[in-house]
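Some notes on the structure that comes next.
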Amino acid sequence: MNNKVTEQTSLHRHLEKKTTFELLQLINEEDVKVPQIINKVLPSIEKLVDAVVDKLLSGGRLFYIGAGTSGRLGIVDASECPPTFGVDHRLVIGLIAGGDKAIRKAVEFAEDDTEQGWRDLQTHQISEKDFVIGIAASGSTPYVAGALKLCRINNISTGCICCNENSLVSAEADFPIEVVVGPEFITGSTRMKSGTAQKLVLNMVSTCVMIKLGRVEDNKMVNMQLSNEKLVDRGVKMVMEKTRLNYNEAKKVLLEMGSVKKVVDAFNQ
């Protein structure tokens with residue numbers, strides 16, 4: 001394990017002897033490195049995004065699959081797509097080793113099963129139309145690697161997001177993304193820099209995919225779900241910007257039609 005960057009000893013020693021401010025400063029110094037490293041792999045992210053868009057435009061779905069922190073990050077990103085972009089909750093699906101109960105509590109040894117990831121995908125009738133992204137900081141998680149291997153055998157396109165070079169998961173991915181952020185602040189604690197890197201890349205992937213699918217106009221979430229007063233108010237202001245309606249008129253028609261895009265399209269006809 002020690003040959004993996006994610007398992008190498010922290011660059012910082014005797015953390016228990018440092019002041020609170022010193023700890024915060026050092027953690028922040030490590031975190032600053034993450035976007036700089038992601039910048040180096042933007043071409044790889046670009047290739048993955050374009051491949052995902054092609055699949056979704058052809059009627060496919062996007063799956064994230066991971067264990068522990070990686071799995072939770074995938075589920076978070078997937079769950080935010082419907083309210084943000086107004087897509088069906090079955091378009092982007094997050095799976096985690098151990099099932100939904102593992103979202104809140106660790107399920108022992110769930111990530112060590114090389115076949116369970118594929119079985120989990122099969123419950124969603126996975127097919128060649130779909131795209132699967134494995135998320136694994138170490139790049140060696142059996143649950144993820146096994147799922148990607150069987151995806152490739154079954155002609156299902158795959159990608160991955162990991163934080164070690166030349167990993168097992170990358171070897172099984174058609175579009176690997178390796179964000180090597182270096183040793184963690186606490187040795188081996190990949191919920192830190194590695195988790196931050198994965199979250200940033202996931203934000204990039206889902207956001208760019210949704211823009212390419214036409215779910216954003218200009219810089220606005222015109223397809224967002226109107227699920228609370230804050231979002232209704234945001235939607236009303238978008239409608240006012242695109243039409244000559246006052247606030248009350250815009251709110252009335254927005255609630256009647258259900259989305260900013262529908263209102264704007266109706267006024268542009």
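Read the figures in this text as sums done on the coordinates, not as results from a lab. Since the structure is predicted, the reported quantities are computational estimates derived from the model, not experimental observations. Quick reminder, even Gly has a Cβ in these numbers, built from the backbone with ideal geometry, and neighbours come from all protein chains shown.
Only Cα pairs under 8 Å and 6+ residues apart enter the sum, and on that basis the relative contact order of the chain stands at 22 percent. Here the Kirkwood formula, the inverse mean of 1/r across different C-alpha pairs, assigns segment 121-269 a hydrodynamic radius of 18.3 Å. When DSSP beta bridges are restricted to pairs lying wholly in the chain, around 5% turn out antiparallel. The reciprocal of the average 1/r between distinct C-alpha atoms defines the Kirkwood hydrodynamic radius, which for segment 212-269 equals 11.2 Å. Annotation: peptides 106-116, 224-234, 155-165, 255-265, ranked by per-residue average of other Cβ atoms within 10 Å with the highest first, follow the order 155-165, 255-265, 106-116, 224-234. Under the simplified labelling scheme, the Glu241-Gln36 pair shows an inter-label distance of 3.4 nm, with each label point 7 Å from Cα along Cα→Cβ. So what does the Cα-only Debye profile of the chain read at q = 0.10, 0.14 Å⁻¹, as log10 I(q)/I(0), no solvent term? Cα-only, vacuum Debye calculation for the chain: -0.58, -0.97. Shape analysis of segment 1-159 based on the Cα gyration tensor places the equivalent ellipsoid semi-axes at 31, 19, 16 Å, largest first. Estimated purely from DSSP H runs of n ≥ 4, each contributing -39500 (n - 2.57), the mean residue ellipticity at 222 nm for the chain is -15500 deg cm²/dmol once divided by its residues. Our coupling estimate for segment 52-68, obtained by passing each phi through the Karplus curve with A = 6.51, B = -1.76, C = 1.60 and θ = phi - 60°, is 5, 4, 4, 5, 5, 5, 9, x, x, 10, 10, 10, 10, 9, x, 10, x Hz, Gly and Pro reported as x.
Each semi-axis of the equivalent ellipsoid for segment 83-154 is √(5λ) with λ an eigenvalue of the Cα gyration tensor; in descending order they amount to 20, 17, 11 Å. Computed extension length for Lys252-Ala51: 68.4 nm, one decimal, from 0.36 nm per residue of separation with the Cα-Cα distance subtracted.
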